[in-house]
Amino acid sequence: HTLVSAVESKPKANKMSVSRRQLTADELAEQKLVLVEKALAAKQVEKAEKLLEDVVIIRPRDSQTRKKLAALWFGRQAYQDAVNLLSQGISLDSKDSSLRQMKARIHLKQGQFTAALNTLKPLAQLKDEQYQIMLANTAQQAKQNKIAVDAYKVLIAMKPEIGRWQLGLAVLYDKNSQFELASMTYKKALTKNDLSISSENFIKQRIQVIGQ
């Protein structure tokens, strides 16, 4: 045996692995979200915003995080930044109604009724009570009564037992001078059990005035 071959025949010692495993994108995002809560608890809003921006980049389809960041921006009146952030989310998932509602609220806050309505309109057939109420109210503010009428019809189809949807629809017909439809819908509203005495009195008064 030569010295060289003796050295070579020795088994190599196992090197202990000291390299740390890379965090996955999701793990990194979750880690940052924990830090967001800590930052908010410590009133470090700017730090929380930066962390949320990171998470939105890592997980662009995470609408909860996107809304949280938009809410912080909205809170300090960075309205356009918040609107842009929500618009990006909507372009990734056009069926996300919560992003649309939040964006519409920011437009409404600034008196931008048409912009708010245009945000909500693409999901006009959505079977969601809060969404349809917002759509009906926004359409009326934007002077688009036809869209408001359709929203009330969706609400009535969803919950035919609720009189205030019938009342809302009747008032719109009344405003549009569609008196026959108004009278008929007012009468339907009276058959429901959820209206206040003052609403019932208003309805009876309108039916008399219309004279249908």
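The values are calculated or read from the model by the stated rules, or taken from the named source; none is laboratory data. Being a predicted model, the structure only gives us computed values, none of them experimental. Glycine also receives a Cβ, built like all others from the backbone with ideal geometry; neighbour counts cover every protein chain displayed.
Assess whether GLU129 counts as being under 19 Å from the mean Cα position of the chain (by Cα), modelled with pLDDT of 95 or more and not polar (S, T, N, Q).
Details: under 19 Å from the mean Cα position of the chain (by Cα): yes; modelled with pLDDT of 95 or more: yes; not polar (S, T, N, Q): yes.
When the stated conditions are applied, GLU129 passes them.
Could you please give the count of residues in segment 55-93 that are outside any loop (DSSP other than H, G, I, E, B), over 16 Å from the mean Cα position of the chain (by Cα) and either surrounded by fewer than 19 Cβ atoms within 10 Å (Cβ to Cβ) or modelled with pLDDT under 95 (or both)? Give the derivation first.
The initial filter retains those residues of segment 55-93 that are outside any loop (DSSP other than H, G, I, E, B), namely 55-58, 63-75, 79-92.
Checking the rest, the ones that are also over 16 Å from the mean Cα position of the chain (by Cα) come to 55-58, 75, 80-81.
This time we only want the ones that are either surrounded by fewer than 19 Cβ atoms within 10 Å (Cβ to Cβ) or modelled with pLDDT under 95 (or both), so: 57-58, 75, 80-81.
Qualifying residue count for the region: 5.
Here is a yes/no grid of residues against (1) more than 23 Å from ALA115 (Cα to Cα); (2) in contact with a helix residue (DSSP H, G or I) (Cβ under 6 Å, 6 or more places away or on another chain); (3) acidic (Asp, Glu):
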{"position": "ALA148", "(1), (2), (3)": "no, yes, no"}
{"position": "LYS153", "(1), (2), (3)": "no, no, no"}
{"position": "ALA170", "(1), (2), (3)": "yes, yes, no"}
{"position": "SER177", "(1), (2), (3)": "yes, no, no"}
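For segment 148-185, a tally of residues being loosely packed, with under 14 Cβ neighbours inside 10 Å and hydroxyl-bearing (Ser, Thr, Tyr) returns 1. There is no residue in segment 193-211 that is crowded, with 17+ Cβ neighbours inside 10 Å, in contact with a helix residue (DSSP H, G or I) (Cβ under 7 Å, 6 or more places away or on another chain), of a type in the set (A, V, I, L, M) and closer than 30 Å to LEU99 by Cα.
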